[in-house]
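J.: Sending over a structure as structure tokens; questions will come in a sec.
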Amino acid sequence: MTNFREHVSVEAASNIETWLTQPKYAEYKTELEEMIQTERWSDLEDAFFKVIEFGTGGRRGTTGIGSNRINRVTIGESAQALCLYAQNADPDAAQKGIVIACDTRLSSPELSEYAASVCAANGFKTYVFDSFRATPELSFAVRHLGAAAGIVISASHNPPADNGFKAYWSDGGQLVPPHDKGVLQYAADVEMINAVDFADAVTNGSIMVIGKDIDDAYLSAVVDQAEGTARDVSIVYSPLHGAGQTNTLLALRRAGFDVTTVDEQMVPDGNFPTIENGKPNPEERSANDHAVARLLADDADIAITNDPDADRVGIMVRQDDEAIYLTGNQSAVLATEYALRKQSERGDLTSKHYIAKTIVTTDMLTAIADAFGVKTYGDMLIGFKYIGRLLRDKESTDEKFVIGGEESYGLLKGEYARDKDGAGGALPLAEYAAELKLEGKTLWDRMLELYREYGLYVEQLKTMVYPGAQGFSQMQAIMKGIRDEPVTEVDGHAVTAVLDYQTLECRDLQSGAVSSINCDAGNVYVMEFGDERRRITVRPSGTEPKLKFYVQWHAESDAPETDYVALQQKLENMARELEGILLERAGTSAE
């Protein structure tokens, strides 16, 4: 056999050697030997240069052979490791059981059944849904069934070639440090993956197929979060070929809304055939094309879309003859203001209530919470799992959660789940649209009113794509460079403070004073421009080969309609200039 060690990195060579020699990887040995014989060095490097880690949303990546890929080995070892880790933490974990769900991706049914087979073989009572379900229903089901853990097979909004393993703890929240690293260590120590025959296990009862009973309980929990009674609003809905038809659509209809579907996108299909570039992400304007076309053609009031596992929600508003695409931050602002106002009007809101957001989510949420006299918890890294952990930590206190939001189109209202929920996010926004319609207003009209009241809070997300092993190295070089040589000015604005979440230190560049950051450590770097509400956050994505720039700015405005557009352009310019500075320093390029 060709000596592959001469053609790939030391790390890749070590992982390839492991896959060639250890019995855990035997089913892939022939395919791997063929890749080596045909000298597919670039493919081998990308597939083996690292072991796929737990990122923001679990283990996620391209399906195929390799330590840096999603396949039966990485799924199987993850499932077995989760069982072993859970049992080590709780001797009764196997009897409490584990719940497994999947989305509509091409490999999801096969991989979810395999994960169930592995869990059953490891002695766990195993529940698996009869078909695809939304991720938030899995979070609910873990809590509802009193299970020790849960698994979702999904790559969320990633392209068709991807899939992933998302793990949940007994509280229904995603694994957070140190549990995620603990499970990964157990996975590395798995020498042989144990699995039973899925059909046989269903027959003998060690794997239990669940469905309608859990669905009904979950949908009731979502609809119980309703705050108002207005329902006269016309809604166009699309699941973007995903699982949202099992949660968001049914919840809205159960709550009494009139919903029309985009029929061609109701077909569950992991190829996402009607979506440009196969990117089923409500954040991408093009993903919403069919829903917006239907919105305008039918003179409907709003359109709602979900990503394939239906934890994200996108909202489009018909404003005369145009469609306004609300950002995730704007949706969070409207849903939060609506929930707080309705509870305040009923006299239910107290100083013990709180909302939650991540560090890159709009600070307008804090301003609104302050106005209603409730607390904001905002010192959390990117990822809704940290909001889920906050809810768990507050369970033993007298504080009461109202709503949580993140800029990436994620909302959760109420405590029935511990993850963002496309259905739970859609409900308050549909209610608000109906209430505003009675006044002759739209959600966008209300957003402009809030900008006049609280000032403009404008946010933009820019990304640079760095695929494969080379891209991974380039992102690390850029992040190292920005720390070694801090940027002092962007588009004429002086950087006044930098926050490094690796060291958890905030440094005032004017006084030199250093203070600590109260947050989890992470590969995140923030530049402030004279005001903590004016900042740029830089981080590598935890789920995709991307470097992300979150630009946030606050300004007072008496004319938000025009000032909003001008400020968007300002943020665009700042992001582009910063990209240029970092690329020039690193001597690299992005796709």
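The values are calculated or read from the model by the stated rules, or taken from the named source; none is laboratory data. Everything quoted here is computed from the prediction, not taken from an experiment. In this analysis, Cβ positions are derived from the backbone assuming ideal geometry, glycine residues included, and neighbour counts consider all displayed protein chains.
J.: Of all residues in the range 74-102, how many are touching a Lys or Arg at 6+ places or on another chain (Cβ under 8 Å) and not β-branched (Val, Ile, Thr)?
T.: The total comes to 9.
J.: Something else: Determine if the range 517-534 includes at least one residue that is within 21 Å of Leu326 (Cα to Cα) and acidic (Asp, Glu).
T.: No.
J.: Still on this model: So if I check each of Glu11, Glu27, which one is within 22 Å of Asn194 (Cα to Cα) and part of a helix (DSSP H, G or I)? Steps first, answer last, please.
T.: Values: Glu11 fails: within 22 Å of Asn194 (Cα to Cα).
One residue alone meets the criteria, Glu27.
J.: Now, a different point. Please list, ordered by first then second residue, the pairs with beta carbon atoms under 6 Å, 6 or more apart or interchain, first in the range 539-560 and in contact (Cβ under 8 Å) with a residue 24 or more places away in the chain and over 24 Å from Ala477 (Cα atoms), second surrounded by fewer than 20 Cβ atoms within 10 Å (Cβ to Cβ) and of a type in the set (Asp, Glu).
T.: Ser557/Asp563
J.: Are there any pairs with C-beta distances below 7 angstrom linking a residue in the range 196-216 that is under 18 Å from Ala94 (Cβ atoms) and at pLDDT 95 or above to a residue that is in a helix (DSSP H, G or I) and among the aromatic types (Phe, Trp, Tyr), with the two at least 6 apart or on different chains, and if so which?
T.: Close Cβ pairs (under 7 Å, with a partner that is in a helix (DSSP H, G or I) and among the aromatic types (Phe, Trp, Tyr)) amount to Ile207/Phe198.
J.: Now, a different point. Could you list, in sequence order, all residues of the range 267-315 that are among the hydrophobic types (A, V, I, L, M, F, W, C) and more than 20 Å from the chain's Cα centre (by Cα)?
T.: Narrowing the range 267-315 to residues among the hydrophobic types (A, V, I, L, M, F, W, C): 267, 272, 275, 287, 291-293, 295-297, 300, 302-304, 310, 313, 315.
Correct list: Val267, Ala291, Val292, Ala293, Leu295, Leu296, Ala297, Ala300, Ile302, Ala303.
J.: Hey, any hits in the range 340-355 for a residue that's basic (Lys, Arg), closer than 22 Å to Ser170 by Cβ and assigned to a loop (DSSP other than H, G, I, E, B)? I'd like the intermediate steps shown before the answer.
T.: Initial filter on the range 340-355 (basic (Lys, Arg)): 341-342, 346, 352.
After this cut, where a residue has to be closer than 22 Å to Ser170 by Cβ as well, the list is none.
Taking every residue of the range 340-355 in turn, none turns out to be basic (Lys, Arg), closer than 22 Å to Ser170 by Cβ and assigned to a loop (DSSP other than H, G, I, E, B).
J.: Which of the residues belonging to the range 431-449 are of a type in the set (A, V, I, L, M) and either out of contact with any helix residue (DSSP H, G or I) (no Cβ under 6 Å at 6 or more places or on another chain) or closer than 25 Å to Ser170 by Cα (or both)?
T.: Taking the range 431-449 and keeping what is of a type in the set (A, V, I, L, M), we get 433-434, 436, 438, 443, 447-448.
Residues satisfying the conditions are Ala434, Leu438.
J.: For the range 38-74, what are the residues that are within 19 Å of Ser108 (Cβ to Cβ) and of a type in the set (S, T, N, Q)?
T.: Thr62, Thr63, Asn71, Thr74
J.: Any residue at all in the range 416-428 that is more than 22 Å from the chain's Cα centre (by Cα) and either of a type in the set (Lys, Arg) or in a helix (DSSP H, G or I) (or both)? Walk me through it before giving the result.
T.: Looking only at the range 416-428, we keep the residues that are more than 22 Å from the chain's Cα centre (by Cα), and these are none.
Taking every residue of the range 416-428 in turn, none turns out to be more than 22 Å from the chain's Cα centre (by Cα) and either of a type in the set (Lys, Arg) or in a helix (DSSP H, G or I) (or both).
J.: Then there is this: Report the residue count in the range 175-195 for those that are at pLDDT 95 or above and surrounded by 19 or more Cβ atoms within 10 Å (Cβ to Cβ).
T.: Count: 2.
J.: When the range 145-179 is examined, which residues are found to be of a type in the set (S, T, N, Q) and either assigned to a strand (DSSP E or B) or not assigned by TED's automatic domain parsing to the domain that holds Glu110 (or both)? Steps first, please.
T.: Looking only at the range 145-179, we keep the residues that are of a type in the set (S, T, N, Q), and these are 154, 156, 158, 163, 170, 174.
Result: Asn163, Gln174.
J.: Which of the following residues is touching an Asp or Glu at 6+ places or on another chain (Cβ under 9 Å), buried (at least 17 other Cβ atoms within 10 Å of the Cβ) and in contact (Cβ under 8 Å) with a residue 40 or more places away in the chain: Gly58, Gly97?
T.: Working: Gly97 fails: touching an Asp or Glu at 6+ places or on another chain (Cβ under 9 Å).
Testing whether each residue is touching an Asp or Glu at 6+ places or on another chain (Cβ under 9 Å), buried (at least 17 other Cβ atoms within 10 Å of the Cβ) and in contact (Cβ under 8 Å) with a residue 40 or more places away in the chain leaves just Gly58.
J.: I would also like to ask the following. Would you mind finding the one in Ile65, Ile16 that is part of a helix (DSSP H, G or I) and at pLDDT 95 or above? Walk me through how you get there before you give the answer.
T.: Values: Ile65 fails: part of a helix (DSSP H, G or I).
Answer to the selection: Ile16.
J.: Would you say Pro282 is in contact (Cβ under 8 Å) with a residue 24 or more places away in the chain, surrounded by fewer than 18 Cβ atoms within 10 Å (Cβ to Cβ) and part of a loop (DSSP other than H, G, I, E, B)?
T.: Working: in contact (Cβ under 8 Å) with a residue 24 or more places away in the chain: yes; surrounded by fewer than 18 Cβ atoms within 10 Å (Cβ to Cβ): no; part of a loop (DSSP other than H, G, I, E, B): yes.
Judged against the criteria, Pro282 is not a match.
J.: Could you tell me whether Ile387 is touching a Lys or Arg at 6+ places or on another chain (Cβ under 8 Å) and not hydroxyl-bearing (Ser, Thr, Tyr)? Don't jump to the end; show me each part of the working.
T.: Details: touching a Lys or Arg at 6+ places or on another chain (Cβ under 8 Å): yes; not hydroxyl-bearing (Ser, Thr, Tyr): yes.
Taking the combined requirement at face value, the residue satisfies it.
J.: While we're on this one: Could you say which residue among Ala423, Ala371 is farther than 30 Å from Ala12 by Cβ, surrounded by fewer than 18 Cβ atoms within 10 Å (Cβ to Cβ) and in contact with a helix residue (DSSP H, G or I) (Cβ under 8 Å, 6 or more places away or on another chain)? Let's see the steps before the verdict.
T.: Details: Ala423 fails: surrounded by fewer than 18 Cβ atoms within 10 Å (Cβ to Cβ).
Criteria check complete, one pass: Ala371.
J.: Tell me which residues, restricted to the range 292-319, are of a type in the set (Asp, Glu) and either surrounded by fewer than 24 Cβ atoms within 10 Å (Cβ to Cβ) or within 19 Å of Asp232 (Cα to Cα) (or both).
T.: We begin by selecting, within the range 292-319, every residue of a type in the set (Asp, Glu); these are 298-299, 301, 307, 309, 311.
If the condition is that a residue be of a type in the set (Asp, Glu) and either surrounded by fewer than 24 Cβ atoms within 10 Å (Cβ to Cβ) or within 19 Å of Asp232 (Cα to Cα) (or both), then Asp298, Asp299, Asp301 are the ones that fit.
J.: With the structure loaded, tell me whether Phe401 is buried (at least 19 other Cβ atoms within 10 Å of the Cβ), more than 18 Å from Ile368 (Cα to Cα) and in contact with a strand residue (DSSP E or B) (Cβ under 8 Å, 6 or more places away or on another chain) or whether it fails that test.
T.: Values: buried (at least 19 other Cβ atoms within 10 Å of the Cβ): yes; more than 18 Å from Ile368 (Cα to Cα): no; in contact with a strand residue (DSSP E or B) (Cβ under 8 Å, 6 or more places away or on another chain): yes.
No, not satisfied.
J.: Separate question: Can you pull out every residue in the range 221-242 that is hydroxyl-bearing (Ser, Thr, Tyr) and within 30 Å of Asp269 (Cβ to Cβ)?
T.: As a first pass, look at the range 221-242 and keep what is hydroxyl-bearing (Ser, Thr, Tyr): 229, 234, 237-238.
Within the range 221-242, Ser234, Tyr237, Ser238 qualify.
J.: Something else about it: Do any strands (runs of 3 or more DSSP E) lying entirely in the range 495-591 carry at least 2 residues that are modelled with pLDDT of 95 or more and surrounded by 19 or more Cβ atoms within 10 Å (Cβ to Cβ), and which ones are they?
T.: Values: elements: 497-500, 505-508, 514-516, 525-528, 535-540, 546-555.
So the answer is 497-500, 525-528, 535-540, 546-555.
J.: Filter the range 429-469 down to the residues that are touching a Lys or Arg at 6+ places or on another chain (Cβ under 6 Å) and modelled with pLDDT of 95 or more, then identify the one that is nearest to Ala575 (Cα to Cα). Working first, answer last.
T.: The initial filter retains those residues of the range 429-469 that are touching a Lys or Arg at 6+ places or on another chain (Cβ under 6 Å), namely 434, 436, 463, 465.
So of that shortlist, the ones also modelled with pLDDT of 95 or more come out as 434, 436.
Working: Ala434: 37, Leu436: 35 Å.
The qualifying residue nearest to Ala575 (Cα to Cα) is Leu436.
J.: Output the residues belonging to the range 19-43 that are surrounded by 13 or more Cβ atoms within 10 Å (Cβ to Cβ) and either among the hydroxyl-bearing types (Ser, Thr, Tyr) or without any contact (Cβ under 8 Å) to a residue 24 or more places away in the chain (or both).
T.: Leu20, Tyr25, Ala26, Tyr28, Lys29, Arg40, Ser42, Asp43
J.: Regarding Val267, is this residue surrounded by fewer than 16 Cβ atoms within 10 Å (Cβ to Cβ), aliphatic (A, V, I, L, M) and modelled with pLDDT of 95 or more?
T.: On the way: surrounded by fewer than 16 Cβ atoms within 10 Å (Cβ to Cβ): yes; aliphatic (A, V, I, L, M): yes; modelled with pLDDT of 95 or more: yes.
Considered against the rule, which asks whether it is surrounded by fewer than 16 Cβ atoms within 10 Å (Cβ to Cβ), aliphatic (A, V, I, L, M) and modelled with pLDDT of 95 or more, Val267 comes out as yes.
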